[in-house]
Every structure is written in C-alpha cells, then in structure tokens.
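Structure first, commentary second.
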Amino acid sequence: MKHYIFHFITLVAAAILVSCNPADSDGGAEPQKAGKFGTLLFGEEQIPVNMAKVTNSEDWLLLVISPLTDASHLTTNAIIGLKRELLGREVDIMHKYCNADYIIVYEDPQCYYAPFRPLQSGTITMKMVGNSLSVEVDVELFDGTPLRYSQESLPME
C-alpha cells in the first residue's frame, strides 16, 4: 500500500511541476508591441522578444530568445535548437526525435516545458544566411499549447 501511495504522490507532484496554463486573453487589453526581435506566441499570449542569442556549436545551432534584455537573469525564455545537419530544411517534428534532432524549451515564472517532452506536432526551420539566422517555428507543445516564432536576420555572435 505504501508503494502505491508513493507513486500516486510522485505523479501528482510531477503533474503540478510541469502543468501550466498559458495566460488567458483579457479581451479588452491592447496587444503588446513587437520586441526588437519580433514576437513569440505562447498559447494565446504574444510575448515581445527583446533578446536573441545564437549559439553555433559543432553539432547544434541553438537560439535563446526572451522578452528580457539581461541575459544573466532570464526568468522567461525559449530555447530552440536543431542539429546542424537539419539546418536549411523544414523539419517536421513527427519524423524526428526530441533531444536527438531538435530541442524546444519554454520557461517563465509560472511554467516550464522541459526539453525531454516530445512535441505533439509542427515544424521547425532554421537557416544560416551569411552572419545571420532565419528561424520559423510553428509547433504544439506536449499538452497542445501552441508555440510560434518567426524572424529573419537574427545576428550571429
């Protein structure tokens, strides 16, 4: 019996930690202005992107975006990553493996979508053009929450 209670408590705790309800729309609120690097759609919320940092490693291309400008205190951010051999192609995530081919993470003070949770559906496209990155993300997270971001000419550092 103790064994079942332990598993039940563990499952409830895990559900609380990873569950999240994107902000409901307030109907009368004015839409937020786009940030310096466009807008991220998370659920029904449009989040201005004011910081974009591209990390280009031997195996991966990672993009960290945030409405905040101080990279040392990112309480809200999204991480989008693709394996280098998938750059320049539209990647249907139904035919690729989470954490082996792509990474999507979303985090804010109310919720956390971990990289180990496979997405339900969608596509990711990342292209390097000279010293900049173009990205197009249109996915549904594991619980059906939409995450969308599109931007051309993000600076590469």
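The values are calculated or read from the model by the stated rules, or taken from the named source; none is laboratory data. Note that the structure is predicted; figures quoted are calculated from it, not measured. Reconstructed Cβ throughout: ideal geometry from the backbone, glycine too, with neighbour counts over all protein chains shown. Calculation scope for accessible area: heavy atoms of the full protein, side chains included, ligands and nucleic acids excluded. Shrake-Rupley method; radii C 1.70, N 1.55, O 1.52, S 1.80 Å.
Computed quantities for the displayed model
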| item | result |
| --- | --- |
| Residues (in contact with a strand residue (DSSP E or B) (Cβ under 6 Å, 6 or more places away or on another chain) and more than 18 Å from residue 93 (Cβ to Cβ)) located in segment 111-133 | 132, 133 |
| Residue 75 vs. criteria touching a residue at least 24 places away in the same chain (Cβ under 8 Å), surrounded by fewer than 19 Cβ atoms within 10 Å (Cβ to Cβ), closer than 18 Å to residue 152 by Cα and not charged (D, E, K, R) | no |
| Single condition residue 36 does not satisfy, out of (1) closer than 16 Å to residue 126 by Cα; (2) basic (Lys, Arg); (3) at pLDDT 90 or above | (1) |
| Restricting segment 131-143 to residues that are more than 13 Å from residue 40 (Cβ to Cβ) and touching a Ser or Thr at 6+ places or on another chain (Cβ under 9 Å), the residue that is least open to solvent (accessible area, probe 1.4 Å) | 133 |
| Residue satisfying condition, being at pLDDT 50 or above and closer than 21 Å to residue 144 by Cα, within set 59, 24, 92 | 92 |
| Residue under evaluation residue 61, criteria (1) of a type outside the set (Ser, Thr, Tyr); (2) open to solvent by 40 Å² or more (accessible area, probe 1.4 Å); (3) not in a loop (DSSP other than H, G, I, E, B), criterion not met | (2) |
| Failed item, numbered, when residue 95 is tested on (1) touching a strand residue (DSSP E or B) at 6+ places or on another chain (Cβ under 6 Å); (2) open to solvent by 70 Å² or more (accessible area, probe 1.4 Å) | (1) |
| In segment 139-157, the residues that are farther than 21 Å from residue 97 by Cβ, aliphatic (A, V, I, L, M) and in a strand (DSSP E or B) | 154 |
